[in-house]
1. Length gain on complete extension for the stretch residue 267 to residue 372, per 0.36 nm per residue less the alpha carbon to alpha carbon distance?
2. Distance in nm between label sites at residue 168 and residue 181, each 7 Å beyond Cα in the beta-carbon direction?
3. Using a Förster distance of 30 Å, how high is the FRET efficiency between residue 74 and residue 259, based on the Cβ-Cβ distance and rounded to 0.05?
4. Given labels modelled 7 Å from the Cα in the Cβ direction, how far is it in nm from residue 288 to residue 40?
5. Could you tell me the calculated FRET efficiency between residue 116 and residue 326, based on Cβ-Cβ distance and R0 = 35 angstrom, to the nearest 0.05?
6. If you wrap a convex hull around the alpha carbons of segment 24-147, what volume per residue comes out, as a whole number of Å³?
7. Mind giving me the FRET efficiency for residue 109 and residue 336? R0 is 56 Å, r the Cβ-Cβ distance, nearest 0.05 is fine.
8. Between residue 147 and residue 198, how many nm apart are label points set 7 Å from Cα along the C-beta direction?
C-alpha cells in the first residue's frame, strides 16, 4: 500500500539577501508532501550495504495554483529532503515508532546507479534522489508487537516549488495585504512547511488545498555494493513495477493508480472502500478474512501477514503493546482509555525540518510542542533549553513549575540519550524488502512508467 499526505500549498517570498541566481526575487508556492510505502523488512544477521530512492514525475502545466488569483505559477524545482523507516499502525493511522537502525544519507552515486536501472533513463523523470547507508544487523521482531496491524514503511519527505511567472513578489499579497510589504513568510522561514508546528509569528502562513495531482512517483530499495553505486548484497536494489499519484483527488476509480479506488465521499483515491476490495490479499484457509479499515483519512486493507517473525533478540527491550480505545482513535494514540496526540516525545516530530533544528516534548496535556534551536543551541542543547519549552507552553502554575522542570528535564535526558544514540550509530542502513516484486529475480532493467519527460536532475 502507498499514499501521499500533503497539507496543501503554502506561499512564500524571496527578496533581499535571499535572492540568488537559482532563486530570483518573486513569489513562490511550495507543496510539501510525504510519500508512504509499506515494505516488508527481513532479519539481517550480517552487515549489508543498502540503497533506496524515489523518482518524481512532477507536473509542469503552468497551473493556476493559488485560489482566487489569476497568477500563473510554473514549476521551479523539486526536492526529496529525507527518508525515514517507521512502524505504522494501520488501525489508528499513526506512526508508532521510528526504526532508528536505519539512517540514510543522500548519495549522487546511488541516484546515478538507480537511473541506469530505468529504461529510457535520460527521459525518465524530472527528479530522482538516491540514498545510501549501511546496517550491521536488524531484527523485525525487536520492533513489531502486533504483526496484523503494525506495518513497516518507508517515508520520503518531498517539496515541490512553483514560481509566479512574472517575478512580481507582491503577487503573493493578492487578496490580502496591499503595499510594498511582503505579506507572506520568507521562503527560508523556520518550520514553513510543517503544518504541525504552531505558527505564531508575522507574516501569516496559510495552507491552501490542492485540486489535482501534482506528481507521480516510483520507489526503489534494496541492497547494494559498498559504495551504493552498483548491485550487491542479498537483495539487490530494484524499482517497483508500478507508480502512484501524489496529493490526488478523483471522481471515478480510473482516476486512481492500479488497485486503488475512488472514495466518492471524500474524492480521494484509497486502497479500499469495502472489504471485497481486499480479497486480493486473502489466502485459502485464512482464519480472519482481510477487511477494509478506516483511519486518519485513509482506507487500507488489514490482513494476516503470511510471514512469521523471528524470535526477538535476547535482552532487547520490546516496544509496549498497543492499547485500544472505544471508540477507536483516528490519527491519535490510545493512552489510559483516551485518544491523545502523543504518549511521549517519541510520538512527536516534524517531517520537513531537520531534527537537529528543534527541540520537542510531549507536554502534560499530551500534545507535541516544538521550539526552534539556533545553530549553537542545536549543537549544545541542554536542560535549560528544554525547561524554556515548559515556560513557553505556559501550562504550569507557580507551585507546579518545580514539578514541571523535573518532568521536562527527565524527558530531555531520555530524548537526548536517544538522539545521541543516533549520532553514535556507525552503521547507517536501508530497508531490506522481503515479499515484494523487487526480488523475484536479480537486478534487471524494467519498463519505466514515468518515461516521457525530457529532463533528469
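1. 34.2 nm
2. 2.0
3. FRET efficiency, residue 74 to residue 259: 0.35.
4. Taking the simple label geometry, residue 288 and residue 40 are separated by 1.7 nm.
5. 0.10
6. Convex hull volume per residue, Cα atoms: 166 Å³.
7. 0.70
8. The modelled label-to-label distance comes out at 4.3 nm.
Each value in this text was obtained by applying a stated rule to the coordinates, not by laboratory testing. Quick caveat, the model's predicted, so the values are computed rather than measured. Cβ sites come from the backbone with ideal geometry, for glycine too, and all protein chains shown count toward neighbours.
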